[in-house]
Each structure stands twice: as C-alpha cells, then as structure tokens.
Amino acid sequence: MAEGSGEVSLAELETAFRKFAVYGDTKATGNEMNGKNFVKLCKDCKVIDGKNVTSTDVDIVFSKVKVKSARVITFEQFTQAMAELATKRFKGKSQEEAVQLLYGLIAGKEPANFGVTKVAKASAVDRLTDSSKFTGSHKERFDASGKGKGRVGREDIPDTSGYVSTYKGQGTYDSKIKEDK
C-alpha cells in the first residue's frame, strides 16, 4: 500500500500481477495469467479467507471474466475479477473501499515457495557422496580433488601405443632409432 494515502496505484498492482503471471512458466511473458497462477495469487495474498471467499469462488470468478475460448486473463480482466471478489471478501464496505482494501492485500507481493524440497543434509547422504570413502574400482572414477573423471573413470580405454603395459622403456623406441643413425 502507498504510505499516507491509503490508495494503491495500478502500477503496483500490475507489478504483482506480472510476477504471479510468470511464476512456474518459463515461456510466460507476464501479460496474461492462467487459472492456476490466479488461484496462487489469491491464496498467497490472503484474498481467499476460507469463509467469505473460497478457492471455488475464485475459480468461478476467473471463468466469468475470461474470454470463452481463452485459458488466460489479461490485466484488465484481472481488475474486473478483483472488483468482483472485493465485494465478497469485504462485506459491508462500499465497492471502492473494498477494491482498495483488496488491492492493498495484493500490492508488493511475490509468489511464495511453500513446500519446496530442500537439499538433504543427512549423514547418510554425505557418506554416500564422499568420494574419499570409495574403494576398489569405484575409487578410480575420481581424481585427487574428488571431482569425477567422466568417461575415463568408467571405461577401460585401450592403450594403443604398441607397448606392453608393464614395459619400462615405453616411448624410447624413436630415440634409440635416432641414436643408431
């Protein structure tokens, strides 16, 4: 909410609309919002209170304001939907006052990441991913710093040098030939 005036500008509301519109969709431009993100906005911004406004109400309002064949709404349709939800959410208030209170709930908000999987910190995971504790052929998959070697560590790459693997004078043939000449 803008300090002092009690009024929320449409620019602040549109910023929140765009942030929620692109949430979870890498191809979204932020100009249109789908129903899933509309419900997320209403839940995260506490428009849905469980008594006056439920998720069913939000779905019905979304279907009412969108174009029949479309699956998304524009910012103008969003403001229509908010005007409709405002009268339900703030009963006993005038239309303008209810809309401003609802805009105050939404302005400046961003999508929250509830229930996001955290990185496991268990000792078992640490033990299983610690390359210094590997033995046998598995130890060969990592270099001294613990970084994986990639294909070199997984496959036996044949030695095509022409020497037997245990020969100590490997690579000295050319120098012996030059000495003889």
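The values are calculated or read from the model by the stated rules, or taken from the named source; none is laboratory data. Everything quoted here is computed from the prediction, not taken from an experiment. When we count neighbours, we look across all protein chains shown, and the Cβ atoms used for this are built from the backbone with ideal geometry, even at glycine. Accessible surface is based on the protein model in full, side chains and every heavy atom, while ligands, DNA and RNA are left aside. Shrake-Rupley method; radii C 1.70, N 1.55, O 1.52, S 1.80 Å.
Residue count for region 137-181 under the criterion of being β-branched (Val, Ile, Thr), open to solvent by less than 90 Å² (accessible area, probe 1.4 Å) and within 53 Å of the chain's Cα centre (by Cα): the result is 0.
Restricting to region 79-103, and then to whatever is of a type in the set (D, E, K, R) and open to solvent by less than 70 Å² (accessible area, probe 1.4 Å), can you tell me which residue is farthest from residue 43 (Cα to Cα)? Only one residue tops the list, namely 84. Taking residue 50 as the residue in question, decide whether it is under 25 Å from the mean Cα position of the chain (by Cα) and not acidic (Asp, Glu). No: the conditions fail for residue 50. No other residue among 54, 79 is within 19 Å of residue 95 (Cβ to Cβ) and among the hydroxyl-bearing types (Ser, Thr, Tyr) apart from 79. Among the residues of region 55-78, none is identified as touching a residue at least 60 places away in the same chain (Cβ under 8 Å) and either more than 18 Å from residue 45 (Cβ to Cβ) or open to solvent by 30 Å² or more (accessible area, probe 1.4 Å) (or both).
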